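Below: one structure, written as structure tokens.
Bear in mind that the values in this text are calculations on the coordinates, not laboratory data. Everything numeric in this text was worked out from a predicted model, so none of it was measured. Reconstructed Cβ throughout: ideal geometry from the backbone, glycine too, with neighbour counts over all protein chains shown.
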Amino acid sequence: MVYNFSAGPAMLPVEVMQRAQAEFCDFNGLGVSVMELSHRGADYIAVAEQAERDLRELMHIPDNYKVLFLQGGGRGQFAAVALNLMGKNAKADYIVTGQWSRSAVAEAEKVGQVRVLDGFEAGAEPKKLATSWDLDPTAAYVHYCPNETVEGIEYDFVPETGNVPLVADMSSTILSRPVDVSKFGIIYAGAQKNIGPSGLAVVIVRDDLLDQACPNVPAIMDYAAMAKADSMLNTPATYAWYLAGLVFQWLKEKGGVEVIGAQNKAKAELLYNYVDASDFFENRVHPSARSWMNIPFQLKDESLNDAFLKEAKAAGLLALKGHRIVGGMRASVYNAMPIEGVQALVDFMDEFAKRHAK
Ligand SMILES: *Cc1c(COP(=O)(O)O)cnc(C)c1O
């Protein structure tokens with residue numbers, strides 16, 4: 001038994017992969033793979049539409065939002081958001097809380113004027129998320145990252161931005177807990193954490209934001225054009241879209257976002273509680289901002305890092321090395337990770353700590 005704690009591409013539900021495998025060469029008795037179907041044919045369109053319907057149902061997406069299945073992953077949307085929203089008013093506020101929100105700024109700065117707002121309260125240690133900012137009421141939008149995958153920092157609230165549309169990079173937290181979509185102008189996510197294979201991006205965009213694109217927006221990034229073409233202006237990532245659809249069906253069978261959200265909370269608490277009680281490991285994120293999806297932890301004796309990783313791998317616990325800018329370890333425990341995997345990790349950590357106790 002192996003548990004994969006990769007931050008992304010991340011583990012997928014084994015039931016989904018088994019179903020994809022079973023119908024890989026012969027989809028729906030057609031004698032061909034879903035990968036070989038024309039995206040314009042009725043068989044594939046049924047797959048695409050079902051995926052959208054299931055995502056709408058899972059997230060309770062209101063009718064005045066379009067759902068797009070685009071290419072270029074999460075980072076492609078860093079550019080797309082700016083190119084689609086800065087056509088009439090090239091000013092935006094970006095709340096920065098870590099690596100991903102900072103990378104989003106770098107793309108938006110190529111398009112317009114970006115104000116960078118510190119996402120943390122001044123002075124608090126460990127850092128605490130700010131709950132209000134010096135926002136520009138005339139900005140085209142406010143961008144933030146609800147879950148910083150690298151640092152393991154997650155908002156447990158939705159920022160209040162008044163009449164300025166809120167744009168969220170939900171790449172590593174979408175579908176992990178209930179959210180009120182109506183509070184957002186745009187939600188986007190690269191697929192490879194909670195949705196499916198890498199390369200695909202899901203974009204949920206409010207109708208009234210579809211008329212403010214820059215004239216030079218490339219067609220494959222143009223939300224309005226893509227919405228009009230049902231995300232099929234060019235050939236979409238058909239196989240990734242199909243797999244995303246299987247993940248949505250799996251999630252519905254599990255009871256949806258409400259049920260998985262409770263499980264994710266329990267998984268996170270299991271690991272944080274163990275780390276907090278241990279004098280061998282630590283987590284340096286303020287308890288109010290701890291991610292349910294990406295849990296960094298450090299060994300107090302960093303000289304044991306290599307041994308920890310090596311022995312964890314031998315025990316079937318994969319991909320625990322933390323991002324180089326944070327160091328230490330990181331366990332990513334997305335929807336597909338069962339609580340048994342987190343328990344196996346805690347058991348291993350406890351056994352490792354006892355073995356290496358001075
Ligand atoms: C993984 C990730 C991205 C980048 O996704 P790519 O598909 O590699 O471009 C962007 N934002 C967040 C929060 C992520 O976790």
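Odds and ends about this structure:
- Within the same chain, aspartates and glutamates fewer than 8 places from LYS300 are excluded, and of the rest, those with a Cα less than 13 Å from its Cα are ASP276, ASP279, GLU282.
- Extended-chain gain in nm, criterion 0.36 nm per residue less alpha-carbon gap, ASP118 and LYS228: 35.9 nm
- Radius of gyration over Kirkwood radius for the stretch 231-358, both on Cα atoms: the Rg/Rh ratio is 1.06.
- Convex hull volume per residue in cubic angstrom - Cα atoms of the stretch 40-92: 134
- Among ILE260, ILE95, the order by Cβ neighbours within 10 angstrom, fewest to most, reads ILE260, ILE95.
- Projecting the alpha carbon convex hull of the stretch 174-287 along each direction and taking the average yields 10.0 nm².
- Based on the reciprocal of the average 1/r between different C-alpha atoms, the Kirkwood radius for the stretch 1-43 equals 12.4 Å.
- The convex hull around the C-alpha trace of the stretch 124-234, projected and averaged over every direction, spans 8.6 square nanometres.
- A simple spin-label model places pseudo-atoms 7 Å from Cα toward Cβ; at ALA307 and ASN216 they are separated by 5.7 nm.
- Computed extension gain for ARG324 through ASN273, at 0.36 nm per residue and net of the alpha carbon distance, reaches 15.9 nm.
- Shape summary of the stretch 287-331, radius of gyration then Dmax from alpha carbon positions: 11.1, 34 Å.
- In plain terms, the chain from PHE24 to LYS110 could stretch by 26.8 nm, reckoned as 0.36 nm per residue minus the Cα-Cα distance.
- Residues listed by number, the stretch 218-234, amide nitrogen under 19 Å from ARG40 label point at 7 Å toward C-beta: 220, 225-234
- For the chain: span of alpha carbons on each principal axis (Å, largest first): 64, 57, 31
- Applying D = kT/(6 pi eta Rh) to the stretch 1-154, where Rh is the Kirkwood radius over alpha-carbon pairs, T corresponds to 10 °C and eta to 1.306 mPa s, the Stokes-Einstein value obtained is 83 µm²/s.
- For LYS110, the lysines whose Cα comes closer than 19 Å to its Cα, not counting residues fewer than 8 places off in the same chain, are LYS88, LYS91.
- Neighbour cut-off at most 16 other Cβ (10 Å), DSSP loop, trypsin sites (Lys or Arg not before Pro), the stretch 71-126: LYS88, LYS110
- Distance violations [Cα-Cα > 22 Å] among LYS128/LYS265; LYS310/LYS354; LYS265/LYS354; LYS267/LYS321; LYS193/LYS354: LYS265/LYS354; LYS193/LYS354
- Listed peptides 22-29, 324-331 appear in the order 324-331, 22-29 once ranked by packing, highest mean of other Cβ atoms within 10 Å at the front.
- If you wrap the tightest convex hull around every Cα atom of the stretch 201-242 and split its volume per residue, you get 75 Å³.
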